[in-house]
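Just so it is clear, none of the values below were taken in a lab; they were calculated from the coordinates. Only a predicted model underlies this, so the values are computations on that prediction, with no experimental measurement involved. Cβ sites come from the backbone with ideal geometry, for glycine too, and all protein chains shown count toward neighbours.
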Amino acid sequence: MIKINLLQPGKKEIAFAPAGLPVAEEGKKIHYELLALVGLLTLGIIGFMYYKTTSRLSFLNEQIKIKEQEKRRLQGVLKELEENKKKKEILTQKTQVIEQLIAKQVIPVKMMDLIVKKIPDKVWLTKLKFNGSQVLIEGKALNNNLIATFIANLESTDFFKNVELISSKKEKDRGKKRGMEVYSFKLAALVNTGENNEAKPQGGVR
């Protein structure tokens with residue numbers, strides 16, 4: 001039995017799908033894939049920025065804590081320095097008071113010692129007042145020359161300054177030299193206490 005091919009040689013039948021369907025589906029698929037890729041990239045960028053921001057924020061918070069701790073430490077140091085400064089001032093004041101008390105005790109002793117050494121014979125004291133840096137001396141002498149010598153002797157020291165004769169009068173002695181004519185005198189002087197006492201002595205030392 002003989003079969004005869006009636007089709008033209010070299011031609012094949014081609015089956016076509018309905019127009020437009022495969023191309024549209026492929027385009028939608030590519031579109032969705034691009035959207036997904038863009039979404040992933042966007043999420044990645046946002047995630048990276050969030051990580052960087054939170055890391056920076058954590059670093060700044062840590063730095064703030066360190067600075068606050070340092071500030072508290074420095075405040076404690078400053079407070080301690082202020083307290084030590086106040087303690088030093090109090091101790092300085094106490095030391096000055098003690099030194100002044102000691103000086104007040106030493107000065108009268110030194111003053112009496114010098115007066116005893118510098119008083120001439122035939123001159124005797126009847127009263128001695130010391131107030132701060134001034135001294136008032138009252139006494140009697142047989143003559144005015146002895147009083148002048150006494151003044152000169154006091155001025156020859158560095159302890160007495162501006163020795164002045166307040167008064168000198170002749171009178172009958174009522175004490176040891178009863179009935180004898182003597183000169184009753186008053187002297188005022190400044191005492192060198194180490195302070196500034198350049199002012200003239202006041203006659204009314206009390």
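What to note about this one:
- Placing dummy labels 7 Å off each Cα toward the beta-carbon, the span from Asp113 to Leu81 is 4.6 nm.
- Counting 0.36 nm for each residue step from Leu41 to Glu26 and taking away their Cα separation leaves a gain of 3.1 nm.
- Among the listed pairs Lys129/Lys186; Lys117/Lys172; Lys110/Lys140, those whose Cα-Cα separation exceeds 19 Å are Lys117/Lys172; Lys110/Lys140.
- For region 126-192, the convex hull spanned by the alpha carbon atoms encloses 72 Å³ per residue.
- Cα-based convex hull, region 34-157, per residue volume (Å³, whole number): 142 Å³
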